[in-house]
Amino acid sequence: MFKLQMRIAYREVTVGNHVYYARYLDLLEIARNEAFRQLGHSLLALQGRGLIFPVVECNLKYHGAARYDDLVEIETTLVDLRKVQFTMDYRVIRETETLLTATTRHAATDLDGQPVRIPSELLAALEPHVKK
């Protein structure tokens, strides 16, 4: 599991001072990017090698509202890893309150969107982090 703390910015909230529902996808992407970076495989470097991981499915469940200036923690967990795809679960927490749970599934593709295998060195870095 990877954890990232971040503060909710004004740009992410509505007039009613809660995070706009679609902005949570941006927060999840930031957390996912940081998880890969912590593994020593930045997504930008992988893209430079012609490999990207588009989201092919996502599911979000809202449990509460994050607000401007809240400090939240995003837990990112790899729950499924295959040769051409992976799935991650997320939990956005403020103190002890779960605000959002989510899942994203990603395909491994080249820059033209054609499926490719995840490189063996990346699979080896990811495998110890798959939640069992």
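Overview of values
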| quantity | calculated |
| --- | --- |
| Under the Karplus curve 6.51 cos²θ - 1.76 cosθ + 1.60, θ = phi - 60°, whole-Hz ³J(HN,Hα) for segment 73-83, x wherever Gly or Pro sits | 10, 10, 8, 10, 10, 7, 10, 8, 9, 10, 5 |
| Share, in percent, of DSSP beta bridges within the chain that are antiparallel, nearest 5 | 95 percent |
| Qualifying trypsin sites (Lys or Arg not before Pro) for segment 1-107 [loop in DSSP, other Cβ within 10 Å: at most 14] | ARG49, ARG82, LYS83 |
| Segment 29-132: chymotrypsin sites (Phe, Trp or Tyr not before Pro) in DSSP coil with no more than 16 other Cβ atoms inside 10 Å | TYR68 |
| Diffusion coefficient, µm² s⁻¹, Stokes-Einstein with Kirkwood Rh over alpha-carbon pairs of segment 1-73 at 10 °C and 1.306 mPa s | 115 µm²/s |
| Fraction in percent of alpha-carbon pairs per bin - 5 Å, the chain | 2, 10, 20, 23, 18, 12, 9, 5, 1, 0 |
| For segment 52-57, Karplus couplings with θ = phi - 60° (6.51, -1.76, 1.60), whole Hz, Gly/Pro x | 10, 10, x, 6, 10, 7 |
| Principal axis dimensions, largest first and in whole angstrom, of segment 48-109 by Cα | 37, 23, 15 |
| Segment GLN38-TYR20, extension gain: residue separation times 0.36 nm, minus the distance between their alpha carbons | 3.7 nm |
| Segment 77-101 and segment 1-68: distance between their alpha carbon centers, rounded to Å | 11 Å |
| Potential lengthening between ASP69 and GLU57 on full extension [0.36 nm per residue; Cα-Cα distance subtracted] | 1.4 nm |
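Readers should treat all values here as calculations from the given coordinates under stated rules, not as data from a laboratory. Since the model is a prediction, treat every value here as computed from it, not as a measurement. Positions of Cβ are generated from backbone atoms using ideal geometry, with glycine treated the same way; all protein chains shown enter the neighbour counts.
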